[in-house]
Amino acid sequence: MKKFSWLLLAMLISFGMTAQKKKKATEPTADTKTITGFTANMKAYDGFFQFFWDKEKGKVYLVVDNLDSEFLYVNSLAAGVGSNDIGLDRGQLGNRRVVKFQKHGPKLMMVQPNYGYRAVSDNIEEVKSVAEAFASSILFGFPVTLSEGNKHLIDITDFLLRDSHGVVQRLASRNQGSYKLDLSRSAIFLDNTFNFPKNSEFESTLTFTGQPKGAWVRSVVPSPDAITVRMHHSFIELPDDNYKPRAFDPRSSFNNISYQDYATPIDQSLVKRFIVRHRLEKKNPTADLSEAVEPIVYYLDRGTPEPVRSALLDGARWWNQAFEAAGFKDGFQVRMMPEGAHPMDVRYNVIQWVHRSTRGWSYGASVVDPRTGEIIKGHVSLGSLRVRQDFLIAQGLLNQYDEGTEPMIEMALARLRQLSAHEVGHTIGLVHSYASSANSRASVMDYPHPTVKLDKEGNIDLSDAYDVNIGEWDKAAIRYGYSEVEEQSTLANILEEAFDDGLIYITDRDARAFDGAHPYAHLWDNGEEPADELNRVLEIRRTVLDKLSERSLPTGAPYSSLEEIMVPMYLFHRYQVDATSKVLGGINYNYAVKGGNQKVMEFLPQQQQMNALEALLRSISPENLMLSDELLMKIPPKAHGYYRNRETFGSKTGPAWDYYTAVTTAAQLTTGFLLNPHRANRLVMYGQLNKEQPGLEKVLKKISEDVFDFYSSDVKKSAINRMVQEEVLDGYLKLAISKAAHPDTKSVAAAEISRLASSFSAKSSKSSGVAKAHYTRLAAKIKRWQEQPEDVGYVEKIKAPDGSPIGMPSENPLYPLNCSHH
């Protein structure tokens, strides 16, 4: 027993000594009170900011030896969620901020100065007064672990393991559920943590846990109660002071930065604007054509497959044509990404191939120095489903799948070349140029609808579906932005020469608006005159629909998949309707400046507007909206394992394909544009200002004649026309009480409604069957509207299947979409 006691005592003493040794080993010694000693057992990363990786604790320590020196902080999403609707994609750039470290007692603060308000002055006190007048932002506070003179060691782990990209907020705003960051399932992702001379790159794996609520997150996350993504953080050296900012001209089609300069003389604008562009300089400034000191080089994602890879490389390389026109030999280049390079590395301008579960937009973004407008990094994200979307359109147009898919693939690849050029264009500083489709394809910065033609035999011809080069406006814009010219008057002459040559530039807000008024600025349109092109497109559409059959499907595909092809074919004219509607009550204008050579504004001729109205009414005629019995009998209810989704027409006929919902959808698209209250207000106002304008009364009279005086002995045409009549009547009723309508607009609409009430009563007495019931109901609807206009029982507004960007998603057998996913 004594022997056992002594043995136990010896073991306890030994254990205590071992514990004491371990305790002493973890206590700070004189050596560990220095940065070198403290980090002795950590992995060192030398570069822009020196930092250390503590493998045992999973921590990152940063050395700060440049207090008050500004650098650029960029957060981004290295690995995303994969849903276009949620909008958290791989390679998505987040916020870009100029920041600096400042010491406040035992802490270092990451401070973001306020560059929106400045005083560009040699007077230090003036500069200080403005800086103190407007708030700065402290983004994060770091307790100092160790200091050695001007060197400070801080633990940045918590900074890296946070929701810097706003994932929680995005999920909540998309109604996908309530989530929070789970640090127990989050860690530094060392594989993509690097250090370079001019940038330090950090990455972390973050897991967000919570209660999923939405269908989108359920469709893409294997366990939707735990969403794991990767967040990337970049600390980037700011460019030197040798970059020369270039003044912004609203006619140039360049993006811009702006700030208020309080040192500006009173007789000059307080707001300073400069274009956004890459730094590009000639080796030989006196030569008309010279190599660049450092060319702009873009790198394509190595994960891009062929033949997409070659198409994207070709399209992006078109820009070298514009840079040569600006005087640079091989000033713009496109290469494959070096093996092992990280797409978030600021040294690389990248074109990324991004996968999502559904189709969606592609993006061109840039990391920009907010002080000057210099682009530090261009970053393109291209949705991988786009090529399949355009293939589907070609599939329906050609209706000859069994004869080979090569023409369909070629059209899809032609679109990808244009898409690549378009998105790269954004990252070199350009905004959209939406008048270019009516201007001989003058810019790849437009959204082009495929140009479809009929050959001599009446067959579909896709040989000229998309452009194959950079546009003339693109060359003029790049000359303005990148030519080695300093004088603003010389730069302005570049633009004025382009306008003298007939080129036009109009951008987003004038083209996207549902109530737009510019006759030539539209998305997904074609043709010099919108109405002429709509008539041509309707002819193409009729040809396609008359021939559409199972020949558009691959062998083995269910007949019910004709539903998917039907949407882009039946609504093939939808964007040209949008374009043509802007002619009605439209006005031609430019971003003209004083001293320039552009026409400021002009009314559109009445005949041009009435031609547009004729084309729009043709789009809702029964002849245009009806389908053949033969085609309808080839679209059965959905086959087992296949589902309707938001890309297909809805149904009020149960499992059967609802032809009438398709008709109503198309009718609502046109009538919605036609009877927009802002458009109606312009018709009234312009008609009162100028007797040569058509005015709203004339327009409504023409609409009513075409729609309500229509007669056909064909039962199907009559049924379609009744649906259109109700849409038009509802448009009149809503216009007459719209808060957005001027009083005279309401009066004109109300007068037409009163006239129709009498007409419906007369037609009801002369009709029988469904027609009699229809006119009786419309007359009763007007009477009810007169008594209770908000409670009339308007036709349900149908959401058209998604259009932009044109196309369809691929089938997802794991997470099929259904009609509830809106």
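Details
- Checked against the criteria, Glu602 does not count as of a type in the set (D, E, K, R) and either touching a Lys or Arg at 6+ places or on another chain (Cβ under 6 Å) or assigned to a helix (DSSP H, G or I) (or both).
- Neighbours by Cβ (under 7 Å, 6+ apart or cross-chain): first from segment 454-482, part of a strand (DSSP E or B); second open to solvent by 70 Å² or more (accessible area, probe 1.4 Å): Asp461/Lys453
- In the set (1) of a type outside the set (S, T, N, Q); (2) in contact (Cβ under 8 Å) with a residue 60 or more places away in the chain; (3) open to solvent by less than 20 Å² (accessible area, probe 1.4 Å), the condition left unmet by Asp500 is number (3).
- Residues of segment 717-728 include at least one that is over 35 Å from the mean Cα position of the chain (by Cα), small (Gly, Ala, Ser) and under 30 Å from Tyr559 (Cα atoms).
- Residues of segment 774-807 satisfying the condition of being open to solvent by 60 Å² or more (accessible area, probe 1.4 Å) and not in a loop (DSSP other than H, G, I, E, B): Thr776, Arg777, Lys783, Arg784, Gln786, Glu787
- Within segment 658-669, not a single residue is of a type in the set (Asp, Glu), modelled with pLDDT of 95 or more and in a helix (DSSP H, G or I).
- Residue match in segment 310-331 (condition: modelled with pLDDT under 95, outside any strand (DSSP E or B) and surrounded by fewer than 19 Cβ atoms within 10 Å (Cβ to Cβ)): no
- Ala662 being open to solvent by 20 Å² or more (accessible area, probe 1.4 Å) and more than 21 Å from Gly793 (Cβ to Cβ): no
- Boolean, Thr29 is farther than 25 Å from Pro197 by Cβ, hydroxyl-bearing (Ser, Thr, Tyr), open to solvent by less than 70 Å² (accessible area, probe 1.4 Å) and at pLDDT below 50: yes
- Sole exception among (1) in contact with a His (Cβ under 9 Å, 6 or more places away or on another chain); (2) open to solvent by less than 30 Å² (accessible area, probe 1.4 Å); (3) over 20 Å from Ala615 (Cβ atoms) for Met685, by number: (2)
- In the set (1) under 30 Å from Asn493 (Cβ atoms); (2) part of a loop (DSSP other than H, G, I, E, B); (3) of a type outside the set (Ser, Thr, Tyr); (4) within 29 Å of the chain's Cα centre (by Cα), the condition left unmet by Asn588 is number (2).
- The set of residues from segment 549-573 being touching a Phe, Trp or Tyr at 6+ places or on another chain (Cβ under 8 Å) and of a type in the set (D, E, K, R) comprises Glu550, Arg551, Glu563.
- Yes/no for Leu534 being touching a Ser or Thr at 6+ places or on another chain (Cβ under 6 Å), part of a helix (DSSP H, G or I) and either acidic (Asp, Glu) or in contact (Cβ under 8 Å) with a residue 12 or more places away in the chain (or both): yes
- Residue within segment 674-688 that is outside any helix (DSSP H, G or I) and touching a residue at least 24 places away in the same chain (Cβ under 8 Å) present: yes
- Counted residues, segment 626-636 - those being in a helix (DSSP H, G or I), of a type outside the set (Asp, Glu) and open to solvent by 30 Å² or more (accessible area, probe 1.4 Å): 1
- Lone qualifier among Ser204, Ser200 - being within 17 Å of Lys57 (Cα to Cα), part of a strand (DSSP E or B) and open to solvent by less than 30 Å² (accessible area, probe 1.4 Å): Ser204
- Selection status of Phe159, touching a residue at least 12 places away in the same chain (Cβ under 8 Å), closer than 18 Å to Phe52 by Cβ and not in a strand (DSSP E or B): yes
- Checked against (1) open to solvent by 10 Å² or more (accessible area, probe 1.4 Å); (2) farther than 20 Å from Glu647 by Cβ; (3) touching a residue at least 60 places away in the same chain (Cβ under 8 Å); (4) not hydrophobic (A, V, I, L, M, F, W, C), Ser433 passes all but condition (1).
- Scanning segment 607-625 for residues that are closer than 19 Å to Val663 by Cβ and open to solvent by less than 30 Å² (accessible area, probe 1.4 Å) yields a count of 9.
- Filter result for the condition that a residue is open to solvent by less than 40 Å² (accessible area, probe 1.4 Å) and out of contact with any helix residue (DSSP H, G or I) (no Cβ under 9 Å at 6 or more places or on another chain), over Ala639, Ala592, Ala667: Ala592
- For segment 441-459, the set of residues classified as over 26 Å from Leu382 (Cβ atoms) and either under 25 Å from the mean Cα position of the chain (by Cα) or open to solvent by less than 30 Å² (accessible area, probe 1.4 Å) (or both) consists of Gly458 only.
- Residue check, Ser560 open to solvent by less than 10 Å² (accessible area, probe 1.4 Å) and either small (Gly, Ala, Ser) or in contact with a strand residue (DSSP E or B) (Cβ under 6 Å, 6 or more places away or on another chain) (or both): yes
- Which numbered condition Thr264 misses (of (1) of a type in the set (Val, Ile, Thr); (2) modelled with pLDDT under 95; (3) more than 23 Å from Asp345 (Cβ to Cβ); (4) surrounded by 17 or more Cβ atoms within 10 Å (Cβ to Cβ)): (4)
- Every residue from segment 227-275 that is among the basic types (Lys, Arg) and not in a loop (DSSP other than H, G, I, E, B): Arg230, Lys272, Arg273
- Here is the figure for segment 729-784: residues that are within 44 Å of the chain's Cα centre (by Cα) and of a type in the set (Phe, Trp, Tyr) total 1.
- Within segment 289-305, the residues that satisfy the criterion of being over 16 Å from Gly378 (Cβ atoms), more than 22 Å from the chain's Cα centre (by Cα) and either open to solvent by less than 50 Å² (accessible area, probe 1.4 Å) or at pLDDT 95 or above (or both) are Leu289, Ser290, Glu291, Val293.
- Elements of type strands (runs of 3 or more DSSP E) contained in segment 38-129, each with 1 or more residues being at pLDDT 95 or above and open to solvent by less than 10 Å² (accessible area, probe 1.4 Å): 51-54, 59-64, 71-79, 92-104, 107-112
- Ala394 fulfils the conditions (1) more than 30 Å from Pro554 (Cβ to Cβ); (2) crowded, with 23+ Cβ neighbours inside 10 Å except for a single criterion, (1).
- Just one of (1) surrounded by 23 or more Cβ atoms within 10 Å (Cβ to Cβ); (2) under 30 Å from Ala79 (Cα atoms) fails for Met337. It is (1).
The values are calculated or read from the model by the stated rules, or taken from the named source; none is laboratory data. It should be emphasised that the depicted structure is a prediction, and the values quoted were computed from it without experimental measurement. Ideal geometry is used to build each Cβ from the backbone, glycine not excepted, and the neighbour counts take in all protein chains shown. Accessible surface is based on the protein model in full, side chains and every heavy atom, while ligands, DNA and RNA are left aside. Shrake-Rupley method; radii C 1.70, N 1.55, O 1.52, S 1.80 Å.
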